[in-house]
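Just below is one structure, and these are the notes that go with it.
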Amino acid sequence: MSSTIISRLEAVLRSGRAFKQLSALCRAEEGRVHWRAVPSCLHHIGRPISSAAWGTAIPHPSRDLRLLSTKHGKGSGKISKPKAKQEKQEVEIKQYMTVSELAQAMNRDIDHVFEALLNTALDIDSLEPDSVLAEEWIKVAVTRSGMKFKWAKLTKDKVKENKDAMKRPPGDPAVLVSRPPLVTIMGHVDHGKTTLLDSLRKSQVAAGEAGGITQHIGAFMVQLPSGEKITFLDTPGHAAFSAMRARGALVTDIVVLVVAADDGVMKQTVESIQHAKNAKVPIIVAVNKCDKHKSDPERVKRELLSHDVVCEEFGGDVQAVHISALKGDNLLALAEATVALAEFLELKADPTGLVEGTIIESRTDKGKGPVTTAIVQRGTLRRGCTLVAGKSWAKVRFLFDENGRAVNEAGPSAAVEVVGWKELPSAGDEILEVESEQRAREVVEWRQYMEEQEKQKQDMHVIETKQREHLESYKKDRESLSHLTWRQRKAAIYRANKHRMAFRPSEKTEDQELSLPLIIKGDVDGSVEAILNILDSYDADEQCRLDLIHFGVGDISENDISLAETFSGTIYGFNVTANKSIQQIAAKKGIQLKLHKVIYKLIDDLKEELSSKLPGTVEESVIGEATVLAMFDVTVDKKKVHVAGCRVQKGLLDRKMKFRLIRGRDVLWEGSLTKLKHHKDDVQSVKTGMECGLSLDQDIDFRPGDEIVCYKDLQKEQTIAWDPGF
């Protein structure tokens with residue numbers, strides 16, 4: 001450093017000027033970049049320092065020296081700032097997101113999510129857009145996409161207020177009143193349950209039953225001569241209605257077990273006893289058909305002992321009444337036994353406040369819409385009440401009793417038909433009255449929400465189980481090949497599966513047109529392996545055989561074209577290219593090159609290619625149907641011709657189409673018409689509701705009731721049955 005510069009530095013330091021001037025002096029030096037040694041005493045700018053001190057510091061730089069650099073030609077003196085790091089896109093995630101919801105949150109399409117999850121333990125073949133993803137895979141998809149995730153704030157769903165309707169607490173004993181007992185008639189099929197009810201309510205329900213079997217739950221209120229009322233539930237006795245019998249037992253106070261004296265204890269008898277015990281309901285045994293010659297009531301009571309039903313004659317507390325439901329014998333004694341037991345049970349209910357009840361049966365009536373039979377258990381049901389049951393609600397428009405008469409109200413233990421439901425609830429649903437229609441909608445929405453939450457949990461459990469099974473199966477299948485590279489492993493798998501092996505030209509068979517030779521090329525090993533894993537699921541060889549003749553990594557080459565030409569194959573490429581000369585060679589040799597950047601588009605293209613190789617199918621389309629009303633003969637050119645007088649029941653009859661004559665289940669004739677007339681005019685077609693006369697191209701004897709079908713054949717393309725899971 002020159003003495004001039006040193007002297008000027010000393011002057012600057014003595015004058016107390018800032019480092020800016022010092023740096024300007026340093027930049028004034030000519031030539032390349034120079035490193036300047038500055039003593040630590042520069043921290044005390046403005047203090048007088050000696051040139052000797054400066055001079056001794058120059059040849060002996062130490063930890064007290066600061067290094068300054070300047071570059072010739074740069075006069076600004078500003079230190080360049082590093083470029084700001086590009087911010088990653090932030091994705092809000094939450095638990096139980098579906099594939100489509102995650103794609104929307106990432107601002108990507110669904111295919112992007114699928115690709116982000118490739119080469120993981122997740123079985124992407126089983127995923128659909130509405131499939132729920134576990135938290136682990138949501139994070140993997142976001143991270144692999146070069147984004148970062150953050151948990152979304154709690155949504156309204158997370159803190160949704162419980163809007164469900166609940167039963168009221170027990171009522172004040174002071175407002176409770178006596179109510180009629182709810183009595184369920186149970187027993188084996190054809191033991192006389194419905195006949196017993198018929199005799200009690202003086203009706204003939206049994207005469208209208210299908211095959212003698214009650215097909216529904218009936219509820220009826222019967223008033224005895226003494227003035228007491230009893231509500232009876234008639235449950236089916238056939239084995240197919242076990243669940244309905246169980247519902248009947250859960251709403252009843254007393255079970256009347258009907259057992260035929262000539263038949264004894266049967267399978268449904270035992271089931272009925274079990275239902276009553278599960279519901280903790282007392283039993284009265286009605287030994288029916290005691291008027292029959294072979295009846296043995298005592299045998300029935302003894303058989304009941306083995307099922308812990310001990311009658312009074314054997315020291316138990318179960319009343320047994322011998323009756324004949326058909327003749328009406330001793331029915332009054334059965335009714336009195338029921339009333340006496342009801343008095344002992346002290347059955348009471350609160351007739352005030354909001355209604356509570358149970359649906360016994362539900363059906364859709366053509367005139368009334370959704371209709372339910374309900375048992376009122378608390379409160380008084382009136383027209384205009386707003387009810388909720390399950391996920392349905394009703395504004396009660398009409399109430400009907402068991403005889404179909406309209407009533408204005410129904411108290412505890414009454415059985416009524418309720419009209420006014422928006423949707424049909426299920427039998428066994430609990431009925432609760434609410435204050436308003438708005439409240440009813442809130443309750444239904446809450447219950448639907450809870451059902452969706454439960455379904456999501458179940459779906460998540462199923463998905464996790466399936467993924468676990470898939471992973472275990474995947475590991476097990478490859479344990480024996482674990483020492484090989486993935487390429488060797490794939491080759492071994494395809495050699496083991498004959499339908500995956502490439503066929504040789506000398507082995508071409510007659511069904512070669514129903515096979516698709518395939519060459520797969522990908523950008524990296526992982527991509528090729530993912531595609532081959534999807535092809536492993538191909539299971540439609542009976543329609544079209546899929547032959548993988550080659551797979552590899554890299555752009556399309558001339559060798560690929562030659563191989564495809566030899567086997568008449570198609571080349572599928574994923575994230576690879578084919579230069580212009582390769583494309584020209586492929587076009588000249590008629591080889592298809594199908595290049596894709598989305599793996600699922602590639603598979604869709606492959607499915608379309610497979611479907612295009614399938615032959616078309618013929619599908620029959622019915623144009624119209626007609627019924628033969630009469631037949632007559634006419635003479636045409638001295639020849640007797642059979643003519644059918646018909647009425648078109650559906651669609652139309654077109655003379656150009658094909659026809660079929662059906663009698664019962666037999667097809668008597670197929671062909672075309674020679675004549676089609678409406679009144680006396682020859683017509684081309686006849687529409688629904690019109691009458692016509694027609695003759696066939698074959699001599700056929702018509703009969704009234706024969707069916708004439710007009711149809712045409714449609715050519716329909718087949719679709720490959722393979723479902724890769726997306």
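The values are calculated or read from the model by the stated rules, or taken from the named source; none is laboratory data. If you're wondering where the values come from, they're calculated on a predicted model, not measured in any experiment. Heads up, the Cβs are rebuilt from the backbone with ideal geometry, glycines too, and the neighbour counts pull from every protein chain shown. With ligands, DNA and RNA removed, areas are computed over all heavy atoms of the protein, side chains included. Shrake-Rupley method; radii C 1.70, N 1.55, O 1.52, S 1.80 Å.
Here are a few things to note about the model shown:
- Segment ASP459-ARG302, extension gain: residue separation times 0.36 nm, minus the distance between their alpha carbons: 51.4 nm
- Segment 517-660 pair-distance distribution - Cα-Cα, 5 Å bins, rounded %: 2, 8, 14, 14, 12, 7, 4, 3, 4, 5, 6, 6, 5, 5, 4, 2, 0
- Cβ charges +1 (Lys, Arg) and -1 (Asp, Glu), total dipole of segment 596-703, debye: 240 debye
- When THR364, THR195 are compared by accessible area at a 1.4 angstrom probe, the order from most to least is THR364, THR195.
- Per-residue accessible area (protein heavy atoms, 1.4 Å probe) orders TRP151, TRP393, TRP722 as TRP151, TRP393, TRP722, starting from the largest.
- Rg over Rh for segment 290-349 works out to 1.03, using Cα positions for both radii and the Kirkwood form for Rh.
- For TRP421, the solvent-accessible surface with a 1.4 Å probe is about 10 Å², rounded to the nearest 10.
- In segment 586-726, the portion of solvent-accessible area held by carbon and sulfur atoms comes to 48 percent [1.4 Å probe, whole percent, DNA, RNA and ligands not counted].
- Virtual spin-label span in nm between SER581 and VAL598, 7 Å along Cα→Cβ: 3.4 nm
- Rg over Rh for segment 259-327 works out to 0.95, using Cα positions for both radii and the Kirkwood form for Rh.
- At R0 = 41 Å, FRET efficiency that the Cβ-Cβ distance of LYS712 and GLU565 yields, to 0.05: 0.45
- Exceeding the 30 Å Cα-Cα cut-off - candidates LYS94/LYS594; LYS267/LYS466; LYS139/LYS601; LYS193/LYS294; LYS148/LYS601; LYS607/LYS650: LYS94/LYS594; LYS267/LYS466; LYS607/LYS650
- The orientation-averaged projected area of the convex hull spanned by the Cα atoms of segment 346-465 comes to 9.5 nm².
- Extending 7 Å from Cα along the Cβ direction at GLU90 and again at ASP666 yields two label points whose distance is 8.1 nm.
- At a probe radius of 1.4 angstrom, the accessible area of segment 350-467 per residue rounds to 48 square angstrom.
- Theoretical FRET efficiency, 1/(1+(r/R0)^6), r = Cβ-Cβ of TYR449 and SER126, R0 30 Å, to 0.05: 0.65
- Residues whose placed amide H lies under 5 Å from that of ASP296, excluding near-sequence neighbours: ASP262
- Stretch gain in nm, segment ASP164-LYS466, where the contour uses 0.36 nm per residue and the Cα spacing is subtracted: 105.3 nm
- With R₀ fixed at 51 Å, the C-beta to C-beta distance from VAL270 to ASP605 puts the FRET efficiency at about 0.25.
- Gyration tensor verdict on segment 539-588 (Cα atoms; rounded if a/c is under 1.5, prolate if a/b is larger than b/c, oblate otherwise): prolate
- Taking amide H as placed 1.01 Å from N in the peptide plane, the amide H of VAL576 sits under 5 Å from that of HIS596, each at least 5 places away or on another chain.
- Calculated over segment 298-401: convex hull of Cα atoms, volume per residue (Å³): 194 Å³
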